[in-house]
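In what follows, a structure is listed as structure tokens, so that the remarks can point back to it.
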Amino acid sequence: MSVWAEDKTAWIRIEGRANFNSSVDFKAVVNGLVEKGFDRFVLDLTECVLMDSTFLGVLAGLGMRFNTSRNGGCVPIIELLNPNARIADLLDNLGVEHLFQIVTGPELNSNRLERVEHSPVAADRKEVSRTCLEAHETLMRINPENVAKFKDVAQFLAEDLKKQE
């Protein structure tokens, strides 16, 4: 994951697989940027080949949080730049595409942007499990049709998390 900034816009390039391993770091980066006043997030998915349900649940949770805080003020928005067909289908099938602005256009040109350094979060197994559980609960809350898809995963994660505590 690479991050650049210009004004109050953060450009985040996701390459390869966006999965549970990168979801904790992604969430921390976005939350940190929101605290610094960034209000527009462009996720360049041009080189992202796959997004798993945990990463998508984290992303959907951020989208839901940003969409519910719109009361006339300037609130963050998330744009997804060039999601491939597989990711676009996933967004549609899980009922979360309405949380984002889907944009097709040229790949991010980072030459003119300031790179934002971030230290990857050293998440332990417990934090990863908690993030996975929250992500799947979010997907089920957003779209009741997702309950059948994720209830067993959520139950397993909840039991695993309980064992770790």
Query - region 24-44, residues that are of a type in the set (Phe, Trp, Tyr) and either in contact (Cβ under 8 Å) with a residue 40 or more places away in the chain or more than 26 Å from Leu133 (Cα to Cα) (or both) - result: Phe38
**Report entry** Where a residue in region 141-163 is farther than 19 Å from Leu62 by Cα and its partner, wherever it lies, is assigned to a loop (DSSP other than H, G, I, E, B) and open to solvent by less than 100 Å² (accessible area, probe 1.4 Å), with Cβ under 8 Å and at least six apart
**Finding:** Glu145/Gly95; Lys149/Leu94
Requested in this report: Only one of these is at pLDDT below 95 and within 15 Å of the chain's Cα centre (by Cα): Val116, Val128. Name it.
Outcome: Val128
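Farther than 28 Å from Ser129 by Cβ and of a type in the set (A, V, I, L, M, F, W, C): does that describe Ala10? If you could, list the steps in order and put the result at the bottom.
Details: farther than 28 Å from Ser129 by Cβ: no; of a type in the set (A, V, I, L, M, F, W, C): yes.
When the stated conditions are applied, Ala10 does not pass them.
Give region 150-165 a look and list any residue that's open to solvent by 100 Å² or more (accessible area, probe 1.4 Å) and not in a loop (DSSP other than H, G, I, E, B), or say none. Give the derivation first.
Taking region 150-165 as the starting set, the residues that turn out to be open to solvent by 100 Å² or more (accessible area, probe 1.4 Å) are 151-152, 155-156, 162-163, 165.
Matches in region 150-165: Lys151, Asp152, Gln155, Phe156, Lys162, Lys163.
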Query raised in the report: How many residues are without any contact (Cβ under 8 Å) to a residue 40 or more places away in the chain and either of a type in the set (Asp, Glu) or farther than 18 Å from Ile87 by Cα (or both) when one looks only at region 9-23?
Result: 2
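The values are calculated or read from the model by the stated rules, or taken from the named source; none is laboratory data. These figures come from a predicted structure and were not determined experimentally. Please note: Cβ atoms are built from the backbone with ideal geometry, for glycine as well, and neighbour counts cover all protein chains shown. These area figures cover heavy atoms from the full protein model, side chains too; ligands, DNA and RNA do not enter into them. Shrake-Rupley method; radii C 1.70, N 1.55, O 1.52, S 1.80 Å.
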